[in-house]
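The values are calculated or read from the model by the stated rules, or taken from the named source; none is laboratory data. Owing to the predicted nature of the structure, the values given are computational and were not obtained by experimental measurement. Please note: Cβ atoms are built from the backbone with ideal geometry, for glycine as well, and neighbour counts cover all protein chains shown. What goes into the accessible areas is simple: the full protein's heavy atoms, side chains included, and nothing from ligands, DNA or RNA. Shrake-Rupley method; radii C 1.70, N 1.55, O 1.52, S 1.80 Å.
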Amino acid sequence: MAAQGRPRAALSLLYRGALARFVQQTDLEIPESATEGECLHLVDVSRPEVETGLFRRLTHLWLSLAYGHETPAEREVEQLCRDWQRVYGGAFEQ
């Protein structure tokens, strides 16, 4: 999606995928009404730095795009996709 010029769709998918991973694979309880800031806080206090660092970057880019209407550079989204796969996609040991 990022390579197709659809950074919003790409970041949305990465963000929702990260939340789903936390809930399903780590039993992190995230209320349905949680804001992005609340989700970030829950992840920050419960997950290892390698995960929280990536989730912080993802959240920042998502908030900048969704609310600030700042489109990130394509290379930034592509790097985030690679890092997401490395950290959340199975290569990271818990």
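Summary of computed values
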quantity: Charged-residue dipole, Cβ positions (Lys, Arg, Asp, Glu), the chain about Cα centre, Debye nearest 20; calculated: 360 debye
quantity: Modelled FRET efficiency - R0 30 Å, R6 with V45, Cβ distances, 0.05 increments; calculated: 0.40
quantity: Cα→Cβ-extended label distance, 7 Å offset, between H69 and V23, nm; calculated: 3.0 nm
quantity: Farthest toward positive dipole pole in the chain [+1 Lys/Arg, -1 Asp/Glu at C-beta], among T71, Q24, L42; calculated: T71
quantity: Accessible area of the chain divided out per residue, in Å², using a probe of 1.4 angstrom; calculated: 61 Å²
quantity: Protection proxy ranking of 44-53, 11-20 - average other beta-carbon atoms within 10 Å, highest first; calculated: 11-20, 44-53
quantity: Share of carbon and sulfur in the accessible heavy-atom surface of region 17-88 [1.4 Å probe, %]; calculated: 50 percent
